[in-house]
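Heads up: the structure comes next, in structure tokens.
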Amino acid sequence: MTTATVITVFLALALLAAAAWLYSLAQARQREEQATARLRVDEEAAGSAAALAGGQMELRNPLLRWIAALLWRAGIEPQPRQLIGGLVALAVAILLVFVLGGWLLGALIAFVALVLIYLVLLRRAAARRSRIIEQLPVYLENVARILSAGNSLEEALAAAARESSDPIRPLFMSVARQVKLGAPTDQVLAEVGELYRLRDLKVMALAASVNRRYGGSLRPVFKSLITAIRQRELSARELRALTAETRFSAVVLAVVPIGLTLFIFFRNRNYYSVMWHDPIGHWLLIGAALLQVAGVIILWRMVNSVGSTD
């Protein structure tokens, strides 16, 4: 590839990034008044709620909404302009890999990098979700205690959230903020439960919906939910203890091929070089890498599903 072609590619990417930036500025300016009004309602929950409320409003593209939801579940809450800027930077990096390494090697490196990023985000989301479920019984006990003092459900959710720690505090402060802006409590709880894939929040949403329509006390529902969560966590821990050997075998199966490949590469680098320049060996290496990545993903999903509390 000539120098002029490389310069042309860089100029095109720069123009593409500038166009995306100008478009995001134009979209943000149209919603500036509404976003400012929403942020002034509750300064304490501005960061997390802006991602859940304002961010969902601005991200109309389904792919952007899916990426934003994945980042939110992992505890990363970028603004829409930051998300678009990050995706543009990632696209530029991938194109550079294609330009410097060629189409086949570039596609392989880009695929492996995207899979690793996805797995890291999934791991962070699972860890954050586990902490939320672990803190949820104590939070619900505080909500039931505040309800017994004669407060409404909305006041109880906000007051209990202020007494909680991360990550459950910003989660329910966001719920309280959106309810304060006029959204129905059951609808907000259902949306947050769907976003973070928490079945317990959907149960809370159903209980809040029934309470809003027909009345009644929510304390027995919350007490039953607390008991169910704790029994489910106990059962999950017992299952993880019983399947520890199987999960360790899965980790060994995923790590040994990668370790063996690295050992051969550092002991005899010409081995893979000869294979890479051979027409058949070229495709065998690519196929082996793709199969290894697929196998790691499958094993990771199987191991991650053991002991899941939801």
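Taking Ala208, is it under 18 Å from Gln135 (Cβ atoms) and surrounded by 21 or more Cβ atoms within 10 Å (Cβ to Cβ)?
On the way: under 18 Å from Gln135 (Cβ atoms): no; surrounded by 21 or more Cβ atoms within 10 Å (Cβ to Cβ): yes.
When the stated conditions are applied, Ala208 does not pass them.
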All but one of (1) outside the structural domain of Pro184 (by TED's automatic domain parsing); (2) more than 28 Å from the chain's Cα centre (by Cα) hold for Ser249, so report the exception by its number.
(2)
For segment 177-189, pairs from a residue that is outside any helix (DSSP H, G or I) to a residue that is at pLDDT below 85, with Cβ under 7 Å and 6 or more apart or across chains, are Leu181/Arg38; Leu181/Val41
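For (1) more than 22 Å from Ala149 (Cα to Cα); (2) outside the structural domain of Leu147 (by TED's automatic domain parsing); (3) modelled with pLDDT of 85 or more; (4) touching a Cys at 6+ places or on another chain (Cβ under 9 Å), each residue gets a yes or a no:
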site: Leu181; (1), (2), (3), (4): yes, no, no, no
site: Gln187; (1), (2), (3), (4): yes, no, yes, no
site: Leu195; (1), (2), (3), (4): yes, no, no, no
site: Lys202; (1), (2), (3), (4): yes, no, yes, no
site: Val210; (1), (2), (3), (4): no, no, yes, no
site: Arg213; (1), (2), (3), (4): no, no, no, no
site: Phe222; (1), (2), (3), (4): no, no, yes, no
Of the residues Arg38, Arg81, Arg129, Arg29, which single one is in a helix (DSSP H, G or I) and at pLDDT 80 or above?
Arg129
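The values are calculated or read from the model by the stated rules, or taken from the named source; none is laboratory data. In this text the structure is predicted, and so the values were computed from the model without any measurement. Backbone-built Cβ (ideal geometry, glycine too); neighbour counts: all protein chains shown.
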